[in-house]
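The values are calculated or read from the model by the stated rules, or taken from the named source; none is laboratory data. Fair warning: this is a prediction, and the values are worked out from it, not measured in the lab. Here the Cβ positions follow ideal geometry from the backbone for every residue, glycine too, while neighbour counts run over all protein chains shown.
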Amino acid sequence: MATLIERLAQAAYEAHRAALPTSLPPWEDITKQEQQAWKAAASAVAGQTGGTIAEAPNGQPLVIQVGDQRHTFSTDFTAGREGSLVIDDEFTSGQHARFQAVRGLWYVEDLGSTNGTLLNGRRIFSAQLLKKRYKIKIGHTVITVVSA
């Protein structure tokens, strides 16, 4: 699974490639060293030094509600049957979705789950920004963003 930084780096490279009059090889065909350079650039733009974030910048935790339980997270986490946020739902994958903070904003992305992740009723295919009152559906379980 690609991290958010890897996806940002690939998107930036592909945009750069598309904007040039000469042709560049696709992301998959560039060297690992070139990919690392693009990841470093994406990481710098995102205000990080690595591929993961140790804690939410500006101390803005993510508060979510699952059923009648509230959960507060200050660091990146996964949700699923085996995630940091355990969801006991047979329609949920083991590692179903990742929640990440980037520059003080929280995002959710599907981790290639069988049944997908829905945000406000629409299936997501890339990392999506979370806002207050947004609803994330993982399997049959609905998670409501209390604050992000």
The listed residue being modelled with pLDDT under 90, exposed (fewer than 14 other Cβ atoms within 10 Å of the Cβ) and either in a loop (DSSP other than H, G, I, E, B) or in the same structural domain as ALA127 (by TED's automatic domain parsing) (or both), out of THR72, THR49: THR49
Checking the condition among the hydroxyl-bearing types (Ser, Thr, Tyr) and under 29 Å from ALA9 (Cβ atoms), which residue from THR78, THR141 passes? THR78
Test result for VAL66, modelled with pLDDT under 90, closer than 20 Å to GLN128 by Cβ and not aromatic (Phe, Trp, Tyr): no
Output the residues belonging to the range 99-129 that are part of a strand (DSSP E or B) and touching a residue at least 40 places away in the same chain (Cβ under 8 Å). GLN100, ALA101, VAL102, LEU105, TRP106, TYR107, GLU109
So which residues in the range 75-98 are exposed (fewer than 15 other Cβ atoms within 10 Å of the Cβ) and either outside any loop (DSSP other than H, G, I, E, B) or at pLDDT below 90 (or both)? VAL86
